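The values are calculated or read from the model by the stated rules, or taken from the named source; none is laboratory data. Quick caveat: nothing in here was measured; it's all calculated off a predicted structure. Positions of Cβ are backbone-derived with ideal geometry, glycine not excepted, and every protein chain shown enters the neighbour counts. We work out accessible area using only protein heavy atoms, side chains counted, and drop any ligands, DNA or RNA first. Shrake-Rupley method; radii C 1.70, N 1.55, O 1.52, S 1.80 Å.
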Amino acid sequence: MKILILGGTKDSTNIIEHIKKNYDAYVLTTTTTEYGAKLAQESGSDDTIARPLLKDEIIEIIRNKNFELLIDATHPFAEHITQTSSSIANELKMPYIRFERPTTNFENIDTSHIHYVNSFDDAGKLIKNEFNEGNVLHFAGANTMKDIVKYVPVNRFYPRILKVESSLIKCQELGVDPTHIIPMTGAASLEENIELMEKYDACVMITKESGDIGGVVEKIQAANEKGVGVVMIQRPKIDGLNKKDIVSNLDELDIRLKNFF
């Protein structure tokens, strides 16, 4: 079976490994970066495409290569590509699975330091009004930095990003000092987060509600220990998704996949 995976996340590499171990399938994975493609290849993907794709390009790939299943394992905040992939599946009348990682369980976690907002613009405004001293750790990706530095002085801004060309160019365009860039290679541990908060004299940290696999719990625990505020952007509600197309773990994915093998 030929499967196209929209990837670039830890979820997607776990799915690739699972499929290649348990099923007879050819897997092509698309990611937006070379780093993501490298991780997909290491996980067993037969081929990769390492750049953002337009809707028409995805359709052309599916048609030309006769893909039989589309799996969207992109980030919970990649709202546009999820809407796009769902509409592609509807247009082509092909099987579609959206892997939606579970939200973070805060049941046994002190959430008193968390300020919830619905957008990065709101996050920037909140920090401007409530966190005037100390530095700002941005643990929410390079594409969202501009909405923060509209409100926060760039000399107080410390982004943790993948050191890939596109992200470094964004930093340069925004005037971020290269010494402020914190290299990222994956989710940080509790100890690593504490070390970063101490090293950069942080008063507040920005993060997405990206689930346990995104290291949210460790960020909050570190913030609690150091008395650092947390501005958390809540997940977008994605319109147009059919609940029956959504799975949240590999067991649920297997139930769907067994219909095709």
**Asked** All but one of (1) surrounded by fewer than 15 Cβ atoms within 10 Å (Cβ to Cβ); (2) in a strand (DSSP E or B) hold for residue 137; which doesn't?
**Response** (1)
**Asked** Which residue out of 54, 69 is out of contact with any His (no Cβ under 7 Å at 6 or more places or on another chain), touching a residue at least 12 places away in the same chain (Cβ under 8 Å) and on the phi < 0 side of the Ramachandran plot?
**Response** 69
**Request:** Inspect segment 119-132 for any residue being buried (at least 21 other Cβ atoms within 10 Å of the Cβ), in a helix (DSSP H, G or I) and among the aromatic types (Phe, Trp, Tyr) and give the result as yes or no.
**Result:** yes
**Asked** Is it true that some residue in segment 88-102 is touching a strand residue (DSSP E or B) at 6+ places or on another chain (Cβ under 9 Å) and among the small types (Gly, Ala, Ser)?
**Response** yes
**Message:** Please go through segment 2-23 and give me each residue that is modelled with pLDDT of 95 or more and not in a helix (DSSP H, G or I), ordered by number.
**Reply:** 2, 3, 4, 5, 6, 7, 23
**Item:** Residue satisfying condition, being at pLDDT 95 or above and closer than 30 Å to residue 192 by Cβ, within set 92, 137
**Value:** 137
**Item:** Complete set of residues in segment 36-87 that are closer than 14 Å to residue 8 by Cβ, open to solvent by 20 Å² or more (accessible area, probe 1.4 Å), in a helix (DSSP H, G or I) and of a type in the set (A, V, I, L, M, F, W, C)
**Value:** 39, 81
**Message:** Testing residue 93 on (1) more than 29 Å from residue 165 (Cβ to Cβ); (2) open to solvent by 50 Å² or more (accessible area, probe 1.4 Å); (3) under 19 Å from the mean Cα position of the chain (by Cα), one condition comes back false. Which one is that?
**Reply:** (3)
**Request:** Could you name every one of the helices (runs of 4 or more DSSP H) located completely within segment 150-261 that has at least 1 residues being in contact (Cβ under 8 Å) with a residue 24 or more places away in the chain, open to solvent by 30 Å² or more (accessible area, probe 1.4 Å) and over 23 Å from residue 112 (Cβ atoms)?
**Result:** 165-174, 250-257
